[in-house]
1. Could you give the length gained on full extension between residue 220 and residue 38, defined as 0.36 nm per residue of separation minus the Cα-Cα distance, in nm?
2. Hey, if you put +1 on the Cβ of every Lys and Arg and -1 on every Asp and Glu Cβ in region 104-177, which of 108, 139, 160 ends up farthest toward the positive end of that dipole?
3. Can you tell me the FRET efficiency between residue 71 and residue 235 if r is taken as the Cβ-Cβ distance and R0 is 35 Å, rounded to the nearest 0.05?
4. Show me, for region 66-79, the HN-Hα J-couplings you get by feeding each phi into the Karplus relation (A = 6.51, B = -1.76, C = 1.60, θ = phi - 60°), rounded to Hz, glycine and proline as x.
5. Based on alpha-carbon positions alone, could you give the equivalent ellipsoid semi-axes of region 73-139 from the gyration tensor, as √(5λ), descending, whole Å?
6. All other residues with a Cβ under 13 Å from the Cβ of residue 120 taken together, and with Lys, Arg as +1 and Asp, Glu as -1, what is their net charge?
7. Once amide H atoms are built 1.01 Å from N in the peptide plane, which residues 5 or more positions from residue 96, or in another chain, come under 5 Å H to H?
8. Return, ordered by residue number, the residues of region 195-232 whose backbone nitrogen is under 12 Å from a label point located 7 Å along Cα→Cβ of residue 180.
Amino acid sequence: KVINCIFKGVNDGESVLKEAKDIELEKCSFSLRYPLWHNDNFKIYECDFDEYSRAPIWYSNNGEIRSCKITSIKALRECNDIKIKNGYIDSNEFGWKCKNIEVVKSRINSEYAFFDSKNIKLDNVSFSGKYSFQYIDNLEITNSFLNTKDAFWHSENVVVKDSVVKGEYLAWFSKNITFINCTIVGTQPFCYVENLKLFNCKMIDADLAFEYSSVDADVISEIDSIKNPKSGVIKCLG
(Lines give C-alpha, C1' and ligand atoms only; values in the text may rest on other atoms or scores of the structure.)
Protein backbone atom coordinates (compact mmCIF):
# COMPACT_ATOMS: atom_id res chain seq x y z
CA LYS A 1 0.00 0.00 0.00
CA VAL A 2 1.19 3.47 -0.91
CA ILE A 3 -0.67 6.24 0.94
CA ASN A 4 -0.36 10.06 0.90
CA CYS A 5 2.81 10.05 -1.20
CA ILE A 6 4.08 12.54 -3.79
CA PHE A 7 6.12 11.43 -6.80
CA LYS A 8 7.81 14.23 -8.75
CA GLY A 9 10.67 14.46 -11.22
CA VAL A 10 9.94 16.29 -14.45
CA ASN A 11 13.51 16.21 -15.80
CA ASP A 12 14.90 12.96 -14.45
CA GLY A 13 12.13 10.88 -12.87
CA GLU A 14 10.10 8.14 -14.51
CA SER A 15 8.58 4.67 -14.07
CA VAL A 16 8.44 4.76 -10.26
CA LEU A 17 6.05 1.81 -9.90
CA LYS A 18 6.88 -0.17 -13.02
CA GLU A 19 6.20 -3.94 -12.92
CA ALA A 20 4.25 -3.68 -9.65
CA LYS A 21 1.73 -6.33 -8.57
CA ASP A 22 -1.03 -6.34 -5.95
CA ILE A 23 -0.58 -2.64 -5.25
CA GLU A 24 -2.99 -0.17 -3.67
CA LEU A 25 -2.53 3.59 -4.00
CA GLU A 26 -4.50 6.10 -1.95
CA LYS A 27 -4.40 9.92 -1.99
CA CYS A 28 -1.14 10.06 -3.92
CA SER A 29 0.10 12.66 -6.39
CA PHE A 30 2.07 11.85 -9.55
CA SER A 31 4.06 14.43 -11.50
CA LEU A 32 6.53 12.40 -13.57
CA ARG A 33 6.55 10.20 -16.66
CA TYR A 34 5.25 6.63 -16.98
CA PRO A 35 4.52 5.90 -13.30
CA LEU A 36 2.40 2.75 -13.67
CA TRP A 37 3.53 0.54 -16.54
CA HIS A 38 3.18 -3.27 -16.63
CA ASN A 39 1.12 -3.43 -13.43
CA ASP A 40 -1.19 -6.29 -12.43
CA ASN A 41 -3.95 -6.25 -9.80
CA PHE A 42 -3.90 -2.60 -8.78
CA LYS A 43 -6.25 -0.18 -7.03
CA ILE A 44 -5.94 3.59 -7.31
CA TYR A 45 -8.13 5.73 -5.02
CA GLU A 46 -8.33 9.56 -4.82
CA CYS A 47 -5.06 10.10 -6.66
CA ASP A 48 -3.95 12.91 -8.95
CA PHE A 49 -1.96 12.52 -12.19
CA ASP A 50 -0.97 15.92 -13.59
CA GLU A 51 0.21 16.90 -17.09
CA TYR A 52 3.79 15.88 -16.27
CA SER A 53 2.78 12.27 -15.60
CA ARG A 54 2.80 11.57 -19.32
CA ALA A 55 1.37 8.19 -20.38
CA PRO A 56 0.81 7.14 -16.76
CA ILE A 57 -0.87 3.73 -17.10
CA TRP A 58 0.19 1.41 -19.94
CA TYR A 59 0.30 -2.37 -20.44
CA SER A 60 -1.53 -2.98 -17.15
CA ASN A 61 -4.27 -5.44 -16.16
CA ASN A 62 -6.99 -5.96 -13.55
CA GLY A 63 -7.23 -2.46 -12.11
CA GLU A 64 -9.68 -0.17 -10.34
CA ILE A 65 -9.37 3.60 -10.66
CA ARG A 66 -11.78 5.45 -8.36
CA SER A 67 -12.28 9.17 -7.62
CA CYS A 68 -9.09 10.15 -9.44
CA LYS A 69 -8.12 13.22 -11.46
CA ILE A 70 -6.06 12.46 -14.56
CA THR A 71 -4.85 15.35 -16.71
CA SER A 72 -1.94 13.65 -18.45
CA ILE A 73 -1.75 12.82 -22.15
CA LYS A 74 -2.22 9.20 -23.31
CA ALA A 75 -3.46 8.09 -19.91
CA LEU A 76 -4.50 4.52 -20.66
CA ARG A 77 -3.08 2.31 -23.40
CA GLU A 78 -3.04 -1.43 -24.11
CA CYS A 79 -4.68 -2.17 -20.75
CA ASN A 80 -7.16 -4.94 -19.91
CA ASP A 81 -9.93 -5.29 -17.34
CA ILE A 82 -9.97 -1.77 -15.88
CA LYS A 83 -12.87 -0.14 -13.97
CA ILE A 84 -13.03 3.65 -13.63
CA LYS A 85 -15.56 5.33 -11.33
CA ASN A 86 -16.16 8.96 -10.27
CA GLY A 87 -13.22 10.13 -12.34
CA TYR A 88 -12.21 13.37 -14.01
CA ILE A 89 -10.12 12.66 -17.08
CA ASP A 90 -8.64 15.30 -19.39
CA SER A 91 -6.33 13.30 -21.62
CA ASN A 92 -5.82 13.29 -25.38
CA GLU A 93 -5.54 9.83 -26.92
CA PHE A 94 -7.13 8.24 -23.86
CA GLY A 95 -7.88 4.52 -23.80
CA TRP A 96 -6.15 3.37 -26.99
CA LYS A 97 -5.98 -0.33 -27.84
CA CYS A 98 -7.59 -1.42 -24.57
CA LYS A 99 -9.92 -4.31 -23.76
CA ASN A 100 -12.67 -4.74 -21.17
CA ILE A 101 -12.83 -1.17 -19.86
CA GLU A 102 -15.78 0.10 -17.78
CA VAL A 103 -16.28 3.80 -17.00
CA VAL A 104 -19.05 4.90 -14.59
CA LYS A 105 -20.14 8.33 -13.29
CA SER A 106 -17.17 10.14 -14.80
CA ARG A 107 -16.21 13.07 -16.99
CA ILE A 108 -13.87 12.60 -19.94
CA ASN A 109 -12.32 15.23 -22.22
CA SER A 110 -10.24 13.66 -24.97
CA GLU A 111 -9.39 13.72 -28.66
CA TYR A 112 -9.18 10.26 -30.20
CA ALA A 113 -10.55 8.49 -27.14
CA PHE A 114 -10.75 4.67 -27.11
CA PHE A 115 -9.14 4.25 -30.54
CA ASP A 116 -9.05 0.60 -31.66
CA SER A 117 -10.37 -0.75 -28.35
CA LYS A 118 -12.70 -3.67 -27.60
CA ASN A 119 -15.41 -4.43 -25.05
CA ILE A 120 -15.94 -0.93 -23.65
CA LYS A 121 -18.83 0.16 -21.39
CA LEU A 122 -19.71 3.73 -20.42
CA ASP A 123 -22.54 4.63 -18.02
CA ASN A 124 -23.38 8.10 -16.71
CA VAL A 125 -20.43 9.64 -18.53
CA SER A 126 -20.10 13.21 -19.77
CA PHE A 127 -17.75 13.14 -22.75
CA SER A 128 -16.26 15.95 -24.82
CA GLY A 129 -13.80 15.61 -27.68
CA LYS A 130 -13.32 14.85 -31.36
CA TYR A 131 -12.63 11.60 -33.24
CA SER A 132 -13.91 9.39 -30.42
CA PHE A 133 -14.54 5.63 -30.49
CA GLN A 134 -12.96 5.03 -33.89
CA TYR A 135 -12.17 1.47 -34.99
CA ILE A 136 -13.80 0.21 -31.80
CA ASP A 137 -15.49 -3.19 -31.48
CA ASN A 138 -18.25 -3.97 -28.96
CA LEU A 139 -19.15 -0.69 -27.27
CA GLU A 140 -22.09 0.00 -24.94
CA ILE A 141 -23.01 3.52 -23.80
CA THR A 142 -25.93 4.28 -21.45
CA ASN A 143 -27.29 7.40 -19.69
CA SER A 144 -24.52 9.59 -21.07
CA PHE A 145 -23.93 12.91 -22.82
CA LEU A 146 -21.47 12.99 -25.72
CA ASN A 147 -20.31 16.21 -27.35
CA THR A 148 -18.08 14.91 -30.09
CA LYS A 149 -17.30 14.92 -33.81
CA ASP A 150 -16.45 12.15 -36.27
CA ALA A 151 -17.40 9.65 -33.57
CA PHE A 152 -17.75 5.89 -34.11
CA TRP A 153 -16.02 5.90 -37.51
CA HIS A 154 -15.19 2.37 -38.70
CA SER A 155 -16.69 1.00 -35.47
CA GLU A 156 -18.57 -2.29 -35.07
CA ASN A 157 -21.18 -3.62 -32.66
CA VAL A 158 -22.13 -0.38 -30.91
CA VAL A 159 -25.23 0.11 -28.72
CA VAL A 160 -26.12 3.56 -27.32
CA LYS A 161 -29.12 3.86 -24.96
CA ASP A 162 -30.87 6.76 -23.19
CA SER A 163 -28.17 9.25 -24.20
CA VAL A 164 -27.59 12.53 -26.03
CA VAL A 165 -25.03 12.49 -28.83
CA LYS A 166 -23.99 15.80 -30.39
CA GLY A 167 -21.56 15.92 -33.29
CA GLU A 168 -21.08 16.10 -37.03
CA TYR A 169 -20.56 13.09 -39.34
CA LEU A 170 -21.61 10.48 -36.83
CA ALA A 171 -20.67 6.81 -37.32
CA TRP A 172 -19.50 6.82 -40.94
CA PHE A 173 -18.23 3.51 -42.37
CA SER A 174 -19.48 1.58 -39.34
CA LYS A 175 -21.29 -1.73 -38.89
CA ASN A 176 -24.00 -3.02 -36.54
CA ILE A 177 -24.89 0.30 -34.88
CA THR A 178 -27.95 0.65 -32.63
CA PHE A 179 -29.34 3.76 -30.90
CA ILE A 180 -32.26 3.41 -28.46
CA ASN A 181 -34.14 6.31 -26.80
CA CYS A 182 -31.46 8.81 -27.84
CA THR A 183 -31.28 12.39 -29.03
CA ILE A 184 -28.90 12.77 -31.96
CA VAL A 185 -27.72 16.24 -32.99
CA GLY A 186 -25.61 17.25 -36.00
CA THR A 187 -25.16 17.29 -39.74
CA GLN A 188 -24.72 14.27 -42.05
CA PRO A 189 -25.12 11.44 -39.55
CA PHE A 190 -24.90 7.73 -40.29
CA CYS A 191 -23.43 7.58 -43.79
CA TYR A 192 -21.99 4.38 -45.28
CA VAL A 193 -23.31 2.36 -42.32
CA GLU A 194 -24.12 -1.34 -42.57
CA ASN A 195 -27.02 -2.49 -40.36
CA LEU A 196 -28.01 0.73 -38.61
CA LYS A 197 -30.97 0.64 -36.19
CA LEU A 198 -32.64 3.60 -34.49
CA PHE A 199 -35.48 3.03 -32.02
CA ASN A 200 -37.50 5.88 -30.47
CA CYS A 201 -34.84 8.47 -31.27
CA LYS A 202 -34.95 12.21 -31.96
CA MET A 203 -32.76 13.76 -34.66
CA ILE A 204 -31.95 17.49 -34.57
CA ASP A 205 -30.15 19.45 -37.34
CA ALA A 206 -29.74 16.15 -39.18
CA ASP A 207 -29.43 16.92 -42.89
CA LEU A 208 -28.14 14.58 -45.63
CA ALA A 209 -28.62 11.64 -43.30
CA PHE A 210 -28.18 7.92 -44.04
CA GLU A 211 -26.30 8.24 -47.33
CA TYR A 212 -25.46 4.78 -48.72
CA SER A 213 -26.55 3.12 -45.45
CA SER A 214 -28.71 0.07 -44.75
CA VAL A 215 -31.04 1.38 -42.07
CA ASP A 216 -34.06 0.52 -39.93
CA ALA A 217 -35.05 3.80 -38.28
CA ASP A 218 -37.99 4.76 -36.05
CA VAL A 219 -37.46 8.49 -35.45
CA ILE A 220 -39.91 10.45 -33.29
CA SER A 221 -38.96 13.83 -34.74
CA GLU A 222 -38.52 15.48 -38.10
CA ILE A 223 -35.38 14.80 -40.13
CA ASP A 224 -34.07 17.82 -42.05
CA SER A 225 -33.12 15.78 -45.11
CA ILE A 226 -32.27 12.23 -46.19
CA LYS A 227 -29.88 11.41 -49.02
CA ASN A 228 -29.60 8.15 -50.98
CA PRO A 229 -30.05 5.46 -48.31
CA LYS A 230 -29.02 2.07 -49.70
CA SER A 231 -31.79 -0.05 -48.15
CA GLY A 232 -34.25 -0.40 -45.29
CA VAL A 233 -37.15 1.52 -43.76
CA ILE A 234 -37.07 5.05 -42.29
CA LYS A 235 -40.02 6.35 -40.27
CA CYS A 236 -40.14 9.92 -38.95
CA LEU A 237 -42.50 12.77 -38.14
CA GLY A 238 -42.99 15.47 -40.76
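1. Difference between extended and current length: 60.7 nm.
2. 108
3. For residue 71 and residue 235, the calculated efficiency is 0.20.
4. My calculation for region 66-79 gives 10, 6, 10, 10, 10, 10, 9, 5, 6, 5, 9, 8, 6, 10 Hz in order.
5. The equivalent ellipsoid of region 73-139 has semi-axes of 15, 14, 11 Å.
6. -2
7. When sequence neighbours closer than 5 places are left aside, the close amide H contacts are 76, 78, 114, 115.
8. It comes to 198-200, nothing else.
The values are calculated or read from the model by the stated rules, or taken from the named source; none is laboratory data. If you're wondering where the values come from, they're calculated on a predicted model, not measured in any experiment. Using ideal geometry, Cβ is built from the backbone for each residue, glycine included, and neighbour counts are taken over all protein chains shown. Accessible surface is based on the protein model in full, side chains and every heavy atom, while ligands, DNA and RNA are left aside. Shrake-Rupley method; radii C 1.70, N 1.55, O 1.52, S 1.80 Å.
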